[in-house]
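Taken together, the values in this text are just the output of simple stated rules run on the coordinates, not laboratory data. Just so we're clear, the structure is a prediction, and the values are computed from it rather than from any experiment. Cβ placement follows ideal geometry from the backbone for every residue including glycine, while neighbour counts extend to all protein chains displayed.
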Amino acid sequence: MCIFCKIVAREIPADIVFESINVLAFNDISPQAPTHVLVIPKWHHENAAELAAQAPGLLAEIVSVADQIAKERELDGYRLAFNTGESAGQTVFHAHLHLLGGRALGWPPG
Ligand code: AMP
Ligand code: ZN
């Protein structure tokens, strides 16, 4: 089982901020901004493209959950990122949406 599947199964702890039938959101263990939440499907898909192909409604739900969290926190703006592939920085191969906010975010990202 992958590390995020283990978080879903409560086999390892996480600082959970939102849960629904299909979606879990928790604080990133190594936050890169005052808000750095990972929003994930409870089902294992390797990356965002696989999630889009296999469960497009779930992909949309994940984006909506991120927006809901941002609105609750009254974030001025936010960035959503799906790192895909090792050279883009993907280290966990269970699709996860990074929600970053609470500070000015530079562009382009590193
Ligand atoms: P990525 O590099 O896009 O694959 O993102 C993986 C993210 O998961 C990184 O930002 C890590 O800090 C985060 N992460 C890894 N393990 C955990 C964990 N046990 N709990 C919370 N976040 C984690
Ligand atoms: Zn998984």
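Things to note:
- Remark: segment 26-79 is approximated by an ellipsoid whose semi-axes, taken from the C-alpha gyration tensor as √(5λ), come to 22, 13, 8 Å, largest first.
- Ranked for footprinting exposure by Cβ neighbours inside 10 Å, fewest first, THR35, THR84 give THR84, THR35.
- Fully extending the segment from ASP76 to ALA49, taken as 0.36 nm per residue of separation minus the present Cα-Cα distance, adds 6.9 nm.
- When the Cα convex hull of the chain is projected onto planes of every orientation, the mean area is 6.8 nm².
- Put in order of Cβ neighbour count within 10 Å, fewest first, the listed residues PHE26, PHE93 become PHE93, PHE26.
- Put in line by how crowded their Cβ is, counting other Cβ atoms within 10 Å and starting with the fewest, ILE21, ILE69 read ILE21, ILE69.
- Segment 31-47 residues near the modelled ALA9 label - backbone nitrogen below 20 Å, point 7 Å along Cα→Cβ: 40-47
- Between segment 88-103 and segment 1-80, the alpha-carbon center distance in angstrom: 9 Å
- Each Lys or Arg adds one and each Asp or Glu subtracts one; over the other residues with Cβ under 15 Å from the Cβ of ALA14, this totals -1.
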